[in-house]
Amino acid sequence: MPELPEVETIVRGLRPRLEGRTLSRVIVRRPDLRIPFPENFSRRLEGRTVTRLDRRAKYIVARLSGGTALIVHLGMSGQWVIHDGRPAEPPGPHDHVEFTLDDGTTLVYRDVRRFGLMTLALQADLAEHPLLRDLGPEPLGNAFNGPSLSAALRGRRTPIKAALLDQHTVAGLGNIYVCEALFRAGISPRRAAASVAGRRAERLAPAIKGILNEAIEAGGSTLRDYVQASGELGYFQHRFAVYGREGESCAGCDCGGAIQRIVQSGRSTFFCSRRQR
């Protein structure tokens, strides 16, 4: 599943193509993705101008003229394909939504597994929308730091890995970057979340920010279906310190340990037991 850096990279790629452009035509080729499309979906979008494109956690939020907002989640395999002024190709079996802009550009939403979603909301109600209202702070925002993370973890007995994947704790983190951030901060994924409060949280918060920013600069991580809005692949997977490296030597230190893999809450966790305590 695309994680925060991948979604942020896509938003940054789409922003100059979408902002200020009007949706002249919207074609929907099936009744649903993960959830049904809203009633009159195409009609409610056509003729509206994209005034701003943002990301909230792993959601793409397009603010439109007239006060409407389009919320998109890529699910496991969602992709945006841009046809830049060229004649549109015949739609493939997984090309579910097609947006034509007023400059002739066509954006196709492609989703093999159909775990993504698209829905509409009023901009004024976004903060209370069921998909967004319970999300924690953005890890790249100023409100996320050691003290705020420490407060969110206080009293929690769950392992820190699970706590960070909980979108109520911090928004947008996924399995890959949690593994990498815990390694960088030297914190065991099995440690109780409450014990990370304090000085460990002061290490962990900047580690999370650093990992995410580096991944965004590298264009995200290409795993399975993810590509950037430009069609290019992300390259951060070449910098993984632990993720997917079971049995390999611990990178970047002289601890002499090897990367281990355990399963937590059904997800693979990669870490070095010597470096991470």
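For the reader, a short list of remarks on this structure follows.
- Nearest-20 debye value, the chain charge dipole, Cβ charges on Lys, Arg, Asp, Glu: 1040
- Were the residues from Gln123 through Gln264 laid out at 0.36 nm apart, the gain over their Cα-Cα distance would be 47.0 nm.
- Stretchable slack from Ala143 to Arg29, in nm (0.36 nm times residue separation minus alpha-carbon distance): 37.0 nm
- The equivalent ellipsoid that matches the C-alpha gyration tensor of region 1-116 spans semi-axes of 18, 17, 15 angstrom, in descending order.
- Shape category assigned to the chain from the gyration tensor of Cα positions, a/c cut at 1.5: prolate
- Model label points for Glu214 and Glu39, set 7 angstrom from Cα along the Cα-to-Cβ axis, are 5.1 nm apart.
- The convex hull built on the alpha-carbon positions of region 56-164 has an orientation-averaged projected area of 9.6 nm².
- Expressed as a whole percent, the proportion of Cα-Cα pairs in region 166-212 lying more than 12 Å apart is 61%.
- Note on Arg199/Cys255: beta-carbon distance plugged into 1/(1 + (r/R0)^6) with R0 of 25 Å gives a FRET efficiency of 0.75.
- Selected from Gly66, Gly210, Gly172 as most flexible by GNM, with the chain as the system and alpha-carbon contacts under 10 Å: Gly66
- Thr22-Glu248 pseudo-label distance in nm [points 7 Å out on the Cα-to-Cβ vector]: 5.1
All of the numbers you see were taken from the coordinates with simple rules; none came from a lab. Note that the structure is predicted; figures quoted are calculated from it, not measured. Quick reminder, even Gly has a Cβ in these numbers, built from the backbone with ideal geometry, and neighbours come from all protein chains shown.
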